[in-house]
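Handing you a structure now.
Each reported figure results from applying straightforward, stated rules to the coordinates on display, with no laboratory input. Bear in mind that the values here come from a model prediction, so they are computed numbers and not experimental data. Here the Cβ is made from the backbone with ideal geometry for all residues, glycine too, and neighbour counts use every protein chain on show.
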Amino acid sequence: MLSRVANNLFWMGRYIERAEHVARFMNVNYFSSLDAPNQLSQSRQFVLQSMLFMVGNSINDASVDLDEEQVLYDIALNPEESYSIINSIKNARENANSSRDLISTELYESLNKFYHFVMKYPKEAFVKTNLYDFTINVSEMTAVLRGKIRGTLLHDKVYAVIMMGVNIERAIQINRIINTKFNDAQKAQGGYGDTMANSFEWSTLLKCAESYDMMRRLYKKAPTSTTTLEFLLLNSRCPRSFMNCINQVYNHVKELENKAEHEKHSTAFLVGKVRAEFEFKRIEEITEDVQGCLNGILDKMFKISESMEKEFFGY
Amino acid sequence: MGKVSNKSIFSNYQKNEGLFDEVFDENGNVKSVYQKILDIYGARSIKDYVKLNNKAKSSFFNQGITFQVYGDKESQEKIFPFDLFPRIIDPDEWDLIEKGAIQRNLALNEFLWDVYHDKKIIKDNVVPLELLSSSPNYLHQMMGLDPPSRIYNHISGTDIIKHSDGNYYVLEDNIRCPSGVSYVICNRTALKRALFGVFNHYKTHTVTDYAENLLSLLESVKPHGVDVPVCVVITPGMFNSAYYEHSYLAKAMGIELVEGRDLFVENDFVYMKTISGPVRVDVVYRRIDDLFIDPMEFNPDSALGVPGLFAAYKKGNVTLANAPGTGVADDKAIYTYVPDIIKYYLDEEPILKNVHTYHCSRPDDLKYVLDNIHNLVIKPVDEAGGYGISIGNRLTKNEIDEVKNTIKAAPRKYVAQPIMSLSVHPTYIDDTKSFEQRHVDLRTFTVLGKDQQFVLKGGLTRVALKKGNLIVNSSQGGGSKDTWVLKQQ
């Protein structure tokens, strides 16, 4: 596989995944806030701030009065904003275009349909009435794409590169979501006991990661800060957890390596090291300094991505 | 499904007496090969047809089978208009086309060998020297060079029309980077999806075997000493109007689609940059024009090509298909000499006719052209894509004067041909929601390899969608039809 094409496929995977997380975050946050138990969680300004924080465009000044329609438009359909969903889909398709000979006709067709759906989506309707329709469609179409990636591509290096992109991006986005909701939970605390641990925001967080139902099955209790973080960071059976992402990345990077043993400076070695660290981590070590741990994970993912660029895409 | 009689779906079909209709004979009767399909289409209402047509259109759009039109400001993504009513060619007619295309392209290959070696054809005064010396497509760098298996025009597109006399004529040879073959395959796929039932009544040759024949050709012209060659397709990139085709061909052949920046040359060998390091490349199917393939040898500003590629080619370490310099033989000025070229090298009569061409470079012809512009088509010698063509009987008096001045300023640049009446084919027209006569041509695809020749049984029937228009190129608003070559009963 050509280095340039590998790079494009890697980013195609990343952009598809990114679009999905942003869409779901918008959807879950907006709709769960409508009947949230406390005033702050219910406030529209709080939700909009939270969305902007998640896409990396946080407004640090609480006195700024955000315009709802503008914020929604910016995050979903504004082609001028690099973080918008429309831009992610454009970039995903552009990356797919340049490697059309390698991906399946079926995958390309689904992505292309998705692209035209987003490009044609009426802006007015979206900001006024169709937030649910748009975001749910984005979620569904990305699910279709994931299915086509898994089901219509040869599971070789092409697949491995795409899946590395998907999983690295997922780890990063889940991290961003946790970070955002952790931030929100500190502000909108629960009504009893350890108020921060019981915040309503933890349920929202799980829903943002499509992990609420899974979590209920496993813990059978209302989520708290500790159980939620443990589930989303360390539980390898949760498909959205950081642990699962890093396991996937490790499996796929081995496919790309040509040697039986990892070299000290290889990407596989780096991924393996991070994986080993989290495999034997306890949640208590994390809750001591949640923010520090989240920052550390983000930093590690960026390092892995950089190392991939050097090792496989450098030309 | 509304039942509409055969008559009503074509009831508004107006036949212009002066034109050769592919489906109806001069008495208005359906030609036998079309009888069955007309019965089947006749059983559907126009409404059904509109629905099918829209489905086919969105299928093309969703699959991203589109091309870019370079317009005023930004390029636009468009689907290639496609007509669901196929063109059918019976086996005997096809036999003539196929033999004619092979003959013609073999002769052109001999011509290319000759003009880059001993130039016997010029010494024997069959083709005038100044046609070569004045041609911008003649590459002196190719002098004396022996391409692997002695082949220059591996892939050729021969544009053929049917005149009102019922005979096929070659209108143009395309032996640089002919495009359109991917649409042949897409058209067939779309038609099969929409109207699979009709295929039960016709034994039609497949068109999906193009890619395997092309790959087998590319492998057959591998450089000397290579066992299993690595072949690639090189594209100018995703903004090229034919990018879909490049990616389709690479995918269908299962080989890499590369851009210039993916390749590099070291010690006169060509490599591509992969995730596992450099991999040697032996055969390059290039879809980049001659002057852009190597900035060290040709256009130094080209960012599309690969520095050193031509040197590697000269050493025989890599094969380029088509060979550089083929443009000298598909030039519209050389076109006139093709019947002579066929006789000279093959000692055969041309199977396919040529349209008579007037060379503005010859004083007698120039005078005739200037006096008879209203009856002629004026074409620039070296423009592709239907750009710069003037059709005499469409011009106003002022425009005629303008054209005259342009020709007089650079006679070598223009040729003229009698206005050929391209045959017409019933074509569904969206605006009027009915079938109308539209002019069509046929681009055939010929592949020449080491001891192998292949003509794709089908080809691209291009339709001029504007009423009365004779220019069928997609960049000029042309569409296309699936083309069926029937098997011998």
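Only helical DSSP H runs with n ≥ 4 go in: add -39500 (n - 2.57) per run for chain B, normalise by residue count and round the 222 nm mean residue ellipticity to 500 deg cm²/dmol. Walk me through the numbers before you get to the answer.
Numbers: 15 runs with 148 residues, N = 489.
Taken over chain B, the calculation gives -9000 deg cm²/dmol.
Step through the table entries A:LYS128/B:LYS55; B:LYS47/B:LYS192; B:LYS119/B:LYS353; B:LYS99/B:LYS353, compare each Cα-Cα distance with 22 Å, and write down the pairs that go over it.
Beyond 22 Å between Cα atoms: A:LYS128/B:LYS55; B:LYS119/B:LYS353.
Please give the net charge around B:ARG261, taking every other residue with its beta carbon less than 9 angstrom from that of B:ARG261, where Lys and Arg add +1 and Asp and Glu add -1. Intermediate results must be reported in sequence, preceding the final value.
On the way: positive: A:ARG4, B:LYS273; negative: B:GLU259, B:ASP262.
Taking every other residue near B:ARG261 into account, the sum is 0.
Quick one: grab the alpha carbon gyration tensor of the range B:356-418, order the square roots of its eigenvalues as a ≥ b ≥ c, and give me rounded if a/c is under 1.5, else prolate or oblate depending on whether a/b is larger than b/c. Walk me through the numbers on the way to the answer.
Working: a/c = 1.33, a/b = 1.05, b/c = 1.27.
Taking the square roots of the gyration eigenvalues as a ≥ b ≥ c, the range B:356-418 is rounded.
Distances longer than 33 Å among the Cα atoms of chain B: what percent of all pairs is that?
Values: 48082 of 119316 pairs.
Distances greater than 33 Å cover 40 percent of the Cα pairs.
Here's another thing I want to ask about it. Percent relative contact order of chain B, based on C-alpha pairs within less than 8 angstrom and at least six residues apart?
That works out to 23 percent.
For the protein assembly as shown, I need the span (max minus min coordinate) of the C-alpha atoms along each principal axis, in Å, sorted largest to smallest.
Rounded to whole Å, the extents work out to 103, 69, 55 Å.
Once the principal axes of the Cα atoms of the range A:76-158 are found, what is the range along each, listed largest first in whole angstroms?
44, 23, 17
Turning to a different aspect of this structure: May I ask you to work out the translational diffusion coefficient for the range B:55-192 at 37 °C, viscosity 0.692 mPa s, via Stokes-Einstein with Rh from the Kirkwood sum over Cα pairs, reported in whole µm²/s?
So the translational diffusion coefficient is about 176 µm²/s.
Could you tell me how far the Cα centroid of the range A:158-180 sits from the Cα centroid of the range B:408-486, in Å?
So the separation of the two Cα centres works out to 49 Å.
Another question, if that's okay. Averaging sequence separations of C-alpha pairs under 8 Å and six or more residues apart, then dividing by the length of the range B:418-489, give the relative contact order as a whole percent.
24
Gain in length, A:ASP289 to A:ASP67, computed as 0.36 nm per residue apart minus the alpha-carbon separation, to one decimal in nm? Write out the running numbers ahead of the final one.
Values: separation 222, 0.36 × 222 = 79.92 nm, distance 3.42 nm.
Between A:ASP289 and A:ASP67, full extension yields 76.5 nm more.
Moving on. Could you tell me the extents of the range A:21-69's C-alpha atoms along the three principal axes, largest first, rounded to whole Å?
25, 25, 17
I'd like the per residue volume of the convex hull spanned by the Cα atoms of the range A:3-313, given in cubic angstrom. All intermediate terms of the calculation are to be shown ahead of the outcome.
Values: hull volume 41.9 nm³, N = 311.
Normalising the Cα hull of the range A:3-313 by residue number yields 135 Å³.
Follow-up question, since we're still on this one. Rg/Rh for the range B:182-260 to two decimals, with Rh computed the Kirkwood way over all alpha-carbon pairs.
With Rh from the inverse mean 1/r over Cα pairs, Rg/Rh is 1.09.
Could you check the spin-label model distance between B:MET296 and A:LYS264? Points 7 Å from the Cα along Cα→Cβ, value in nm.
For B:MET296 paired with A:LYS264, the spin-label model returns 3.8 nm.
Among all the lysines, which ones have a C-alpha under 17 Å from B:LYS314's C-alpha, if same-chain residues fewer than 8 places away are not counted?
Result set, ordered by chain and number: B:LYS222.
Using a Förster radius of 22 Å, what is the FRET efficiency between A:LYS254 and A:GLU106 based on their Cβ-Cβ separation? Nearest 0.05, please. Please list the in-between numbers first.
Details: r = 27 Å, r/R0 = 1.21.
Efficiency, rounded to the nearest 0.05: 0.25.
Near A:THR226, within a Cβ-to-Cβ distance under 10 Å, what is the net charge of the other residues, with Lys and Arg +1 and Asp and Glu -1?
Around A:THR226, the surrounding residues sum to -3.
Which net charge results for the neighbourhood of A:GLN45, defined as the other residues with beta-carbon distances under 11 angstrom from its beta-carbon, given Lys and Arg at +1 and Asp and Glu at -1?
On the way: positive: A:ARG44; negative: A:ASP65, A:ASP67, A:GLU68.
For residues surrounding A:GLN45, the net value is -2.
How far apart, in nm, are two points set 7 Å out from the Cα along the Cα-to-Cβ line at A:LYS273 and at A:ASN137?
Between A:LYS273 and A:ASN137, the simple spin-label model gives 4.6 nm.
If you don't mind, there's one more thing I want to ask. Going by Cα centres, the range B:178-208 and the range B:338-370 are how many Å apart?
Each part reduced to its Cα centre gives a spacing of 35 Å.
How many angstrom separate the Cα center of the range A:63-135 from the Cα center of the range B:129-159?
What the calculation gives is 48 Å, centre to centre.
Output the relative contact order of chain A, whole-number percent, from Cα pairs under 8 angstrom with separation of 6+ residues.
22
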